[in-house]
Amino acid sequence: MKRTLVFCLCVSLIGAAALRFPPQTLAQTPAAPPPSSAAATATAPDAPTAAAAAPGNLVLKEGSDVALKFDQDISSKTANEGDPVVLVLDQDLTVDNVVVARAGCKAFGEVTHAKRAGMMGKGGELNMRLDYVKVSDTKVKLRGSKGREGDDKTGTAVALTVLFGPIGLIKHGKEIDIKQGTPIKAYVADDVTLPPAPAS
């Protein structure tokens with residue numbers, strides 16, 4: 001009799017447990033899926049910006065000297081207003097002893113006034129505008145004097161009769177003849193950020 005009671009009690013307890021916990025809830029809970037690649041990307045640290053990737057950039061200051069030389073002959077006898085003038089960088093440009101532009105970079109300007117020598121010994125006239133020197137993909141703007149005094153701003157015309165008169169480039173008081181390789185000094189018109197120049 002006692003065995004029968006114990007057996008019945010066990011069956012009752014098992015049945016109650018089955019009612020309380022359905023089979024599907026007793027099954028093992030599946031593991032959570034791994035985070036998607038998009039989520040992983042969202043939580044990943046940001047990639048460094050281009051500026052942060054190039055911490056070595058240097059600032060070439062406004063007013064810095066730029067030594068140029070003419071890359072062509074130019075004369076008041078043959079020049080016309082609007083003619084392009086090509087020059088080259090004669091010396092490396094440096095910032096804190098780091099080269100940012102190497103000698104040989106092209107520079108550009110334009111004839112703004114040309115007049116042939118006249119009668120009675122009147123000399124020719126030749127003015128040009130200094131525009132920029134090309135450093136890789138950057139145009140470094142130029143001007144004709146170190147300071148910003150008066151009207152001397154970026155691109156202001158330079159009177160070559162004034163610049164070169166003392167060194168005899170006005171021949172016989174007539175035409176102004178400037179030979180390829182003649183030096184001329186310009187100045188950086190505005191601050192510009194440049195990377196160190198590649199090794200030569």
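The values are calculated or read from the model by the stated rules, or taken from the named source; none is laboratory data. Bear in mind the structure is a predicted one, so any value in this text is a computation, not a measurement. FYI the Cβ positions are ideal-geometry reconstructions off the backbone, even for glycines, and counts take in every protein chain you see.
Pairs meeting the criteria (first residue in segment 79-107 and closer than 18 Å to residue 192 by Cβ and part of a loop (DSSP other than H, G, I, E, B), second residue of a type in the set (S, T, N, Q) and at pLDDT below 95, beta carbons under 8 Å, at least 6 apart or on different chains) are 102/200. Is it the case, given these coordinates, that residue 111 is in a strand (DSSP E or B), modelled with pLDDT of 80 or more and buried (at least 17 other Cβ atoms within 10 Å of the Cβ)? For residue 111, the condition - in a strand (DSSP E or B), modelled with pLDDT of 80 or more and buried (at least 17 other Cβ atoms within 10 Å of the Cβ) - is met. The single residue among 96, 92, 137 that is of a type in the set (Asp, Glu) and in contact with a Lys or Arg (Cβ under 8 Å, 6 or more places away or on another chain) turns out to be 92.
Scanning segment 81-97 for residues that are closer than 23 Å to residue 65 by Cβ, surrounded by fewer than 19 Cβ atoms within 10 Å (Cβ to Cβ) and more than 16 Å from the chain's Cα centre (by Cα) yields 86, 88, 90, 91, 92, 96, 97.
When 162, 158 are screened for being at pLDDT below 80, surrounded by fewer than 16 Cβ atoms within 10 Å (Cβ to Cβ) and over 16 Å from residue 191 (Cα atoms), only 162 passes. The set of residues in segment 126-151 that are modelled with pLDDT under 90, assigned to a strand (DSSP E or B) and either surrounded by fewer than 17 Cβ atoms within 10 Å (Cβ to Cβ) or among the basic types (Lys, Arg) (or both) comprises 129, 143.
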